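The next block holds one structure in the form of structure tokens; read it before the comments.
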């Protein structure tokens, strides 16, 4: 997954999809899928998986992965907000 080659990322995504069939709503699997989509520049799909992870009930076993999912989700929202701020012209104020 760290090679950033599209073929390798898609193969990793397929592997994570198989894991998702076995381990439904596992934060580690959902984070892996989301990271693959982020590297493939498909942020909306990544955000959907991160939202699913945010709905998982917290437990000490998955706490670290849940935290990483929430931070990554917040990061995607902040990136979108920054773009919207930059797109908003200040023509009304000049």
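In whole percent, what relative contact order does the range 6-93 give with Cα contacts below 8 Å and a gap of six or more residues? Write out the running numbers ahead of the final one.
Numbers: 71 pairs, mean separation 21.0, N = 88.
Once normalised by length, the contact order is 24 percent.
Each peptide in 48-57, 24-33 receives the mean, over its residues, of other Cβ atoms within 10 Å, and ordering these scores from highest gives 24-33, 48-57.
Quote the FRET efficiency, to the nearest 0.05, computed for residue 5 versus residue 42 with a Förster distance R0 of 22 Å and r equal to the Cβ-Cβ distance.
Using R0 = 22 Å, I get an efficiency of 0.90.
Along the Cα-to-C-beta direction of residue 57, a point sits 7 Å from the Cα; which residues of the range 1-40 have their amide N less than 18 Å from that point? Inside the label zone: 23-28.
Laboratory data are not the source of any read-out in this text; all were calculated from the coordinates shown. All figures in this text were calculated on a predicted structure; none of them were measured in a lab. Cβ coordinates were reconstructed from backbone atoms using ideal geometry, including for glycine residues, and neighbour counts include every protein chain displayed.
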